[in-house]
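> A single structure is presented below for examination.
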Amino acid sequence: MARVVVRNLTKKFGNVTAVNRLTLDVRDGEFVVLLGPSGCGKTTTLRCIAGLEAPDEGEIYIGDKLVNELPPKDRNIAMVFQSYALYPHMKVYDNIAFPLKMRKYPKSEIDRRVREVARLLKIEELLDRKPKQLSGGQQQRVALGRALVREPDVFLMDEPLSNLDAKLRVYMRAELKRLQRELKVTTIYVTHDQVEAMTMADRIAVMNNGVLQQYAEASEIYSRPSTVFVAGFIGSPPMNFIECTLVEEQGEAYLDAGAFRYKLSEEQAKLVREKASSSELLLGVRPEHITLHLKPVEEGIKGRVYVVEPLGAELIVNVKIGESILKVKTPVHGELKVDQEVWVSFNRDRVYIFDKRTEESII
Amino acid sequence: MSRKRVLIHVVAWSIALIWIIPYLGVFIASVRPYSEIVDGWWNLHPFTLTLDSYSAVWNHKTYPLKRAFVNSILIAIPATIIPILVASLAAYSFARFSFPVKDMLFLTIVALMSLPQQVVIIPVFFLMSDMGLINTRLGLILLHSSFGLPWIILFLRNFFMTLPVEVEEAARIDGASDFQVYFRIVMPMSLPALASIAALQFNWVWNDFFFALILLLSPDKYVVTQTIPMFIGRYLISWDKVAAASILDMSVPLVVFALLQKWYVKGVVGGVIKG
Amino acid sequence: MRRHRTPLLFLAPALAMLLLFVIYPFVYTVCGSFLKWKGRSIVGVAGVSNYQRVLGSSDILNVRRLLKLKGPPLGALVHNLLWILIQVPLSTALGLLLAVLLRDVKGGVVIKSVIFLGMVIPMVVGGILLRFIYDAHAGVVNAVIRLIGLGKYAKTWTAHPDTALYSLIVGSVWIWTGFSMVLYSAGLESIPKEIFEAARIDGASGFRIFWHITVPMLRPITIVVLTMSVLWALKVFDIVFVATRGGPGGASSVLALEMYFRAFYHMPPDYGAAMAIVTILTLMTLGFAVYVFRLVVK
Ligand SMILES: Nc1ncnc2c1ncn2[C@@H]1O[C@H](COP(=O)(O)OP(=O)(O)OP(=O)(O)O)[C@@H](O)[C@H]1O
Ligand SMILES: [Mg+2]
């Protein structure tokens with residue numbers, strides 16, 4: 001068990017900068033998820049930590065030891081690959097035993113540990129099979145077993161659940177989390193699935209284009225996104241963004257979106273004046289923080305129903321306001337028709353304002 | 001069947017006949033006495049079945065095929081195993097590592113495939129004389145092993161590139177050294193490709209005539225291909241014996257081909273076409 | 001780090017063997033072709049005189065007969081070129097036709113295997129087979145000739161100057177067709193069936209499909225087949241050695257054989273000439289290989 005510190009990590013492939021000055025501090029026993037869209041450098045980061053890729057710049061510490069020059073086998077890490085990377089010619093038993101064999105453990109010790117891990121993962125009856133004869137979920141457990149058996153300092157997992165079907169994925173998610181709690185092994189887990197990240201992580205590191213966007217607990221990432229990217233990436237359906245400009249009239253501050261004006265509170269106006277680099281702003285509201293009204297209300301913005309997407313107990317209503325579309329999440333309304341006039345109002349405490357130019361959060 | 005399809009079948013099988021008849025001819029010639037075949041093995045009266053020719057060439061006074069078989073096998077087996085081991089290491093290096101001048105080196109090695117045997121043989125003859133390897137199996141084994149390297153390197157490098165890298169990376173994380181990754185993970189995963197190569201290289205060495213002709217000088221060292229022309233007399237050819245010797249000679253590569261047909265064709269094709 | 005040492009370790013044995021038994025001898029031969037030899041000893045620089053001697057010899061290039069447009073012997077160099085000109089197109093085209101034809105013939109797989117045997121058996125045996133079928137009495141070719149009433153033409157085809165070379169070349173088509181057929185078969189399998197189906201729906205006839213779809217899509221394979229066939233036709237040795245020894249009177253000789261005679265058969269050996277011959281041969285194989293490679297890379 002150990003903490004992992006990544007400082008100013010940069011990795012380039014030709015002229016692609018896969019990871020750009022990334023700094024990350026993972027506490028001992030913590031479960032950290034690297035989250036981000038495809039190609040944002042998650043795998044590359046993980047591979048640098050594993051020693052499969054040599055960083056161009058920056059330092060990596062595992063348990064306070066600088067490991068930049070250490071080969072993977074000397075870093076005492078275990079990695080679970082997206083493709084599982086099981087040894088196809090070895091039985092499950094030998095797959096799990098392989099890391100111990102390489103470290104010249106005595107036979108009896110190997111046997112004891114392999115069986116223990118197999119019991120833990122409920123794959124005891126599979127030990128004599130070859131990987132080809134296993135289902136995806138079983139292969140996944142074997143890969144996990146191979147990682148667990150060594151009792152490593154750090155677990156690295158690269159989308160280990162993405163090849164499983166939806167149901168199994170949810171189940172394994174819980175299992176993995178439980179295992180990690182039990183073993184208290186520092187874990188760095190890569191995924192592009194935000195639900196997986198939200199449910200499993202102690203802390204989430206959101207990446208985009210090789211740059212770390214925000215590193216915080218799940219609730220914080222959701223409620224206080226630090227950039228437009230994070231705000232838009234987390235949450236489903238994603239946050240609504242409305243381009244607007246700051247206007248001041250008679251001592252009051254408004255956000256002018258063309259089709260409507262949103263009046264800022266005293267406090268909000270003060271923050272905006274302080275932080276904004278120009279009057280170009282983005283107003284962000286999550287669909288779940290918008291209320292839909294069938295009759296005019298105070299501070300309500302008028303629009304028309306554009307599309308209705310039923311989600312079972314809830315609806316996503318696309319409301320057309322001027323030229324832009326707002327997604328609104330709302331409990332089922334019986335009588336919504338396309339083109340019907342509706343009014344929406346924002347939950348004032350849950351309105352975000354971003355600087356359009358820097359994409360940084362203001363409120 | 002439509003008339004067109006009947007026609008296609010007739011044409012196809014007629015062509016097949018052209019290819020089969022020579023083999024059939026030597027086979028029939030090999031199991032009948034000389035007197036019956038000297039004017040054509042297709043004359044079936046009289047027809048005497050005999051294996052005399054086989055025993056004659058197998059136990060020949062000066063050029064017994066029995067001994068030649070032993071020689072051929074003692075050369076072909078090591079000359080199959082050695083280049084596979086050596087070439088596969090190099091191929092792995094080309095497939096997985098990056099190092100300076102890699103592409104240049106690889107292209108050079110591939111270009112070596114087009115060299116004719118004759119272009120190396122005089123200096124090799126000198127070299128082997130100086131090393132005392134003329135007329136030894138070791139000399140021929142070394143030469144065949146070296147000459148087989150380029151195509152095996154090319155073939156295996158292409159094959160290794162299709163293997164999933166993650167499996168090797170997993171092994172490295174699990175604590176395996178480069179050699180361990182290679183021998184415990186890559187080699188076992190490559191068995192099909194190795195089977196293709198083994199079949200082709202074995203046959204190539206077994207079938208070789210030229211290198212043996214130059215390097216093996218005394219009849220007790222002769223390999224099978226070298227022995228066959230010895231049964232062709234200057235004026236009179238004993239077709240029965242030549243046929244029997246030919247059948248014996250080609251039986252070995254034919255058996256290899258039959259056993260490993262799938263891999264054999266893959267080998268021929270695989271070096272050339274991807275997938 | 002480790003990364004620098006391992007590739008070298010892995011490469012070292014192969015490089016050592018290639019250097020000692022392939023590259024060094026190759027360079028030695030090329031250099032040696034410009035030197036003056038006396039037995040095994042180098043006695044001076046020959047410049048291009050070995051080449052002059054070789055190319056001036058009627059064994060290699062029989063200018064007199066060539067100018068008179070006579071048949072073989074025309075010299076080994078010309079024979080090799082004739083070999084390429086005749087065998088390569090024939091076996092390539094035949095292989096393609098067979099690959100297409102045998103695709104939907106019952107027992108096609110068996111026929112293919114039989115045709116492919118030419119690639120499996122030793123070339124020495126290939127030579128024996130050719131000598132055997134062309135034999136005046138025991139050969140099946142003459143039996144067929146007699147059968148169709150042309151008995152007066154029956155002879156040992158490989159024993160006569162005008163026919164020896166050509167009968168070997170035709171025989172080599174028989175041996176080598178299996179290679180192109182197998183490659184083309186594999187190539188045909190790799191063309192998605194939908195393409196043919198789409199063409200048929202578009203109303204293309206069988207021949208047009210063959211000419212406008214199959215042939216162009218098999219182009220990469222054609223390049224490979226042509227390359228390998230040309231290289232093989234340049235390197236041909238065993239068949240000739242066994243079937244005719246280049247005879248009669250050099251009428252079926254080839255470069256590899258001439259090189260063998262000069263270095264290892266005639267006494268005393270003429271290494272200078274032998275090296276010059278094989279350098280010419282290698283120049284052709286290597287040059288051709290590089291040319292094709294450039295073509296493919298472009
Ligand atoms: N070996 C490589 N050579 C060249 N470019 C690479 C290499 N590996 C990754 N890249 C590039 O680096 C960037 C980051 O890749 P990376 O695999 O880390 O993304 P990722 O976040 O894991 O994406 P995904 O979710 O699709 O797995 C991408 O633009 C990718 O194309
Ligand atoms: Mg990835």
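> Sort through A:Val342, A:Val328, A:Val338 and tell me the only one that's in the same structural domain as A:Arg304 (by TED's automatic domain parsing), part of a strand (DSSP E or B) and more than 26 Å from the chain's Cα centre (by Cα). It would help to see each step written out before you state the result.
Details: A:Val328 fails: more than 26 Å from the chain's Cα centre (by Cα); A:Val338 fails: part of a strand (DSSP E or B).
Testing whether each residue is in the same structural domain as A:Arg304 (by TED's automatic domain parsing), part of a strand (DSSP E or B) and more than 26 Å from the chain's Cα centre (by Cα) leaves just A:Val342.
> Here is a follow-up. Tell me the residue from B:Leu127, B:Leu140, B:Leu154 that is surrounded by 23 or more Cβ atoms within 10 Å (Cβ to Cβ) and either in the same structural domain as B:Trp204 (by TED's automatic domain parsing) or modelled with pLDDT under 95 (or both), please.
Numbers: B:Leu127 fails: surrounded by 23 or more Cβ atoms within 10 Å (Cβ to Cβ); B:Leu154 fails: surrounded by 23 or more Cβ atoms within 10 Å (Cβ to Cβ).
One residue alone meets the criteria, B:Leu140.
> Now a separate question. Hey, can you tell me all the residues within region A:217-233 that are in contact with a strand residue (DSSP E or B) (Cβ under 6 Å, 6 or more places away or on another chain) and surrounded by fewer than 17 Cβ atoms within 10 Å (Cβ to Cβ)?
If the condition is that a residue be in contact with a strand residue (DSSP E or B) (Cβ under 6 Å, 6 or more places away or on another chain) and surrounded by fewer than 17 Cβ atoms within 10 Å (Cβ to Cβ), then A:Glu217 is the only one that fits.
> Right, another one. Is region A:54-73 home to any residue that is buried (at least 21 other Cβ atoms within 10 Å of the Cβ), within 14 Å of ligand 1 (Cβ to nearest atom) and in the same structural domain as A:Leu127 (by TED's automatic domain parsing)?
yes
> Filter region A:70-105 down to the residues that are assigned to a loop (DSSP other than H, G, I, E, B) and hydroxyl-bearing (Ser, Thr, Tyr) and list them by number. Walk me through how you get there before you give the answer.
Within region A:70-105, the first condition is being assigned to a loop (DSSP other than H, G, I, E, B), and the residues that meet it are A:70-71, A:75-76, A:81-91, A:103-105.
Hits for region A:70-105 are A:Ser83, A:Tyr84, A:Tyr87, A:Tyr105.
> From the set of residues in region B:161-205 that are of a type in the set (Val, Ile, Thr) and more than 7 Å from chain A (Cβ to nearest Cβ), which is nearest to A:Val80 (Cα to Cα)?
B:Val165
> Name the pairs whose Cβ atoms lie under 6 Å apart, with the first residue in region A:58-73 and within 16 Å of A:Thr23 (Cα to Cα), the second β-branched (Val, Ile, Thr) and assigned to a loop (DSSP other than H, G, I, E, B), and 6 or more positions between them or separate chains?
A:Ile60/A:Val67
> Being more than 12 Å from ligand 2 (Cβ to nearest atom) and either out of contact with any Gly (no Cβ under 8 Å at 6 or more places or on another chain) or over 20 Å from A:Thr187 (Cα atoms) (or both) is true for just one of A:Leu22, A:Leu34, A:Leu52. Which residue is that? Spell out the reasoning first.
Values: A:Leu22 fails: either out of contact with any Gly (no Cβ under 8 Å at 6 or more places or on another chain) or over 20 Å from A:Thr187 (Cα atoms) (or both); A:Leu34 fails: more than 12 Å from ligand 2 (Cβ to nearest atom).
Residue meeting the stated conditions: A:Leu52.
> Residue check, A:Asn8 against (1) surrounded by fewer than 17 Cβ atoms within 10 Å (Cβ to Cβ); (2) out of contact with any Lys or Arg (no Cβ under 9 Å at 6 or more places or on another chain), all met but one. Which one?
In the conditions (1) surrounded by fewer than 17 Cβ atoms within 10 Å (Cβ to Cβ); (2) out of contact with any Lys or Arg (no Cβ under 9 Å at 6 or more places or on another chain), A:Asn8 misses (2) alone.
> Would it be correct to say that C:Phe10 is in a helix (DSSP H, G or I) and over 33 Å from the mean Cα position of the chain (by Cα)?
So C:Phe10 fits the description; yes.
> Right, another one. Could you tell me whether region A:36-45 includes any residue that is on the phi < 0 side of the Ramachandran plot and more than 8 Å from ligand 1 (Cβ to nearest atom)?
no
> So, one more: Within region A:73-95, is even one residue over 26 Å from the mean Cα position of the chain (by Cα) and of a type in the set (Val, Ile, Thr)?
yes
> Ok, one more. Residues of region B:220-263 being more than 28 Å from B:Thr48 (Cα to Cα), more than 10 Å from every other protein chain (Cβ to nearest Cβ) and surrounded by fewer than 16 Cβ atoms within 10 Å (Cβ to Cβ), which ones?
B:Asp220, B:Leu259, B:Lys262
> Checking the condition facing chain C (nearest Cβ under 7 Å), part of a helix (DSSP H, G or I), over 18 Å from B:Ala199 (Cα atoms) and touching a Lys or Arg at 6+ places or on another chain (Cβ under 7 Å), which residue from B:Phe94, B:Phe126 passes?
Exactly one of B:Phe94, B:Phe126 is facing chain C (nearest Cβ under 7 Å), part of a helix (DSSP H, G or I), over 18 Å from B:Ala199 (Cα atoms) and touching a Lys or Arg at 6+ places or on another chain (Cβ under 7 Å), namely B:Phe126.
The values are calculated or read from the model by the stated rules, or taken from the named source; none is laboratory data. Everything quoted here is computed from the prediction, not taken from an experiment. Neighbour counts run over all protein chains shown; Cβ positions are idealised from the backbone, glycine included.
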